[in-house]
Structures are given as C-alpha cells and as structure tokens.
1. So what's the chain giving for Cα Rg divided by 2.2 N^0.38 Å, two decimals?
2. Could you work out which residue, out of Leu23, Leu171, Leu124, moves most in a Gaussian network model of the chain, that is, has the largest mean-square fluctuation with Cα springs under 10 Å?
3. Percent of alpha carbon pairs in the stretch 44-89 separated by more than 17 Å?
4. Please give the net charge around Pro80, taking every other residue with its beta carbon less than 11 angstrom from that of Pro80, where Lys and Arg add +1 and Asp and Glu add -1.
5. Reported to two decimal places, what Rg/Rh ratio describes the stretch 39-128 when computed on Cα atoms with Rh from the Kirkwood expression?
6. Give the distance, in whole Å, between the Cα centre of the stretch 13-29 and the Cα centre of the stretch 78-117.
7. Place the peptides 177-183, 103-109, 62-68, 85-91 in order of packing, highest mean first, counting for every residue the other Cβ atoms within 10 Å and averaging per peptide.
8. Suppose every K and R has +1 on its Cβ and every D and E has -1 on its Cβ; what is the size of the dipole of the chain about the Cα centre, in Debye to the nearest 20?
Amino acid sequence: QQWVMATGNPGKVKELANMLAPLNVDIRVQSEFGVADAEETGLSFVENAILKARHAARITGLPAIADDSGLAVDALDGAPGIYSARYAGAGANDQANVTKLLSAMQDVPMAKRSARFICVLVWLRHADDPTPIICQGQWHGSITQAPVGSGGFGYDPVFWVPQQACTSAELAPEVKNQLSHRAQALKQLLPQLEAALV
Ligand code: ITT
C-alpha cells in the first residue's frame with residue numbers, strides 16, 4: 001500500500017508521519033511525485049482539505065491524505081481561520097504571520113485572548129471518491145504577548161496551552177502529538193483508516 005500526503009508544509013509532514021506510523025502504510029509526500037500545492041479556493045477547512053487531497057490523488061493515482069488547519073482567534077472574530085497560512089500575505093512565512101497576529105492583538109487584554117487551533121483531515125481512496133473520510137479536531141488555548149519556544153511550527157510559539165502552562169512550541173513533540181488539534185482529528189481518523197485498509 002502506498003499513499004500520498006497532500007501537503008507542502010514540512011511541520012505537518014513530520015507530525016502526520018509520526019502519528020500515521022502505526023498503520024504501516026508507505027506514505028510519500030506529494031513533492032516526491034512532483035505535485036505542486038493545490039490552489040485553496042474553498043471557504044471552509046473541509047473544502048480546502050478535500051481540494052488538496054483530490055489534487056494529489058488525481059496526479060499520483062494513489063489514495064491521498066490532506067490536512068487543512070489554522071488558528072481561530074475569538075477577539076479577531078475567528079481570524080485568521082482558513083487564511084492562517086496567508087495571514088501576512090501570499091507566500092508569507094511563519095514569522096511574518098506571527099508578527100502580524102501579535103500586532104493585531106496588541107491592545108487585547110489577557111482575559112480576552114482565547115483562541116483555538118482547528119484541523120480537518122481528509123482521506124480519499126481516489127480522486128473521484130464520493131465518500132471521503134473527514135475528521136476534525138480542535139485545541140483550545142490563548143495567544144501570548146510574545147513568541148516563546150522553538151519547537152513545532154507556524155503559530156506554536158504564540159499558542160498558550162493552559163493544561164501544560166507553556167506554549168505549544170515548548171512542548172516535547174510526543175506531547176504535542178497527543179494533545180493537538182491534529183492529534184484530536186487523527187484519533188478519529190485512525191480506526192476508520194484501519195477499516196479502509198482491509
Ligand atoms: P499545505 O496546504 O500544503 O498543507 P499550509 O501551511 O499552506 O500547507 P494550511 O493552508 O492548512 O497549510 O494552513 C495552516 C496554517 O495554520 C499555517 O499557517 C500553519 O502554520 C498553521 N498551523 C496549522 N497547524 C499548526 C500547528 O500544529 N501549530 C502551529 N501552527 C499551525
């Protein structure tokens with residue numbers, strides 16, 4: 001069995017590869033097949049995850065798994081949301097996005113800085129699969145005043161995890177992979193993938 005992982009984000013590749021290892025499937029990243037990033041024209045995490053999985057499945061002919069995720073900040077009415085990767089503009093890097101977020105939150109007091117990470121995972125058997133498997137996970141926390149920690153990726157240095165009293169960039173990878181929005185989605189997805197494999 002070979003599957004394609006429909007992402008161009010190395011942070012996701014690392015976390016997903018770790019979490020999918022128990023399946024014993026040969027999961028290859030889309031770049032190995034020369035698949036470029038799909039255009040994310042959807043209006044929801046679900047639509048964008050399907051677009052990405054379908055694009056990679058179409059080109060490779062393999063079952064595909066995709067992750068569409070982002071950060072929803074209550075004080076910003078859910079922004080950056082599905083636009084998290086492009087918050088500071090098309091092709092923006094993690095640091096630019098974090099800087100923009102902190103400046104948008106400059107005047108927001110501690111008590112009003114709640115936020116959540118959202119992750120939608122989609123698996124489809126082939127590009128025209130009419131019954132893709134779709135799972136969603138959320139992770140509640142809040143936005144710090146400044147970046148702390150060097151682990152993870154993206155918005156991790158500014159995402160405060162109350163149960164652990166640190167940012168998600170300070171968590172050991174195996175702890176983040178137990179708690180995160182991606183982990184929550186994956187916990188639902190894994191048994192369904194196991195069933196799809198037989
Ligand atoms: P692909 O579409 O190629 O998978 P992407 O980075 O463009 O990669 P998204 O469109 O799903 O992915 O955007 C996700 C955004 O949310 C991006 O800015 C990430 O840095 C951020 N993000 C998602 N999961 C995260 C996590 O676990 N920790 C920190 N930031 C995360």
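Where a number appears in this text, it was derived from the coordinates with a stated rule and is not lab data. Here the structure is a predicted model, which means the values were calculated and not measured. Methodologically, a virtual Cβ is constructed for each residue, glycine included, from the backbone with ideal geometry; neighbour enumeration extends over all protein chains shown.
1. Details: Rg = 16.6 Å, N = 198, 2.2 N^0.38 = 16.4 Å.
Rounded to two decimals, the normalised Rg is 1.01.
2. Between Leu23, Leu171, Leu124, it is Leu23 that shows the largest mean-square fluctuation.
3. Details: 440 of 1035 pairs.
Tail of P(r) above 17 Å: 43 percent of Cα pairs.
4. On the way: positive: Arg86, Lys100; negative: Asp77.
With Lys, Arg at +1 and Asp, Glu at -1, the neighbours total +1.
5. Details: Rg = 15.4 Å, Rh = 14.3 Å.
Value, to two decimals: 1.08.
6. That distance is 29 Å.
7. Details: 177-183: 19.9, 103-109: 12.3, 62-68: 26.1, 85-91: 14.0.
Output ranking for 177-183, 103-109, 62-68, 85-91: 62-68, 177-183, 85-91, 103-109.
8. Working: 15 positive and 19 negative charges, 31 e Å.
Its charge dipole is roughly 140 debye.
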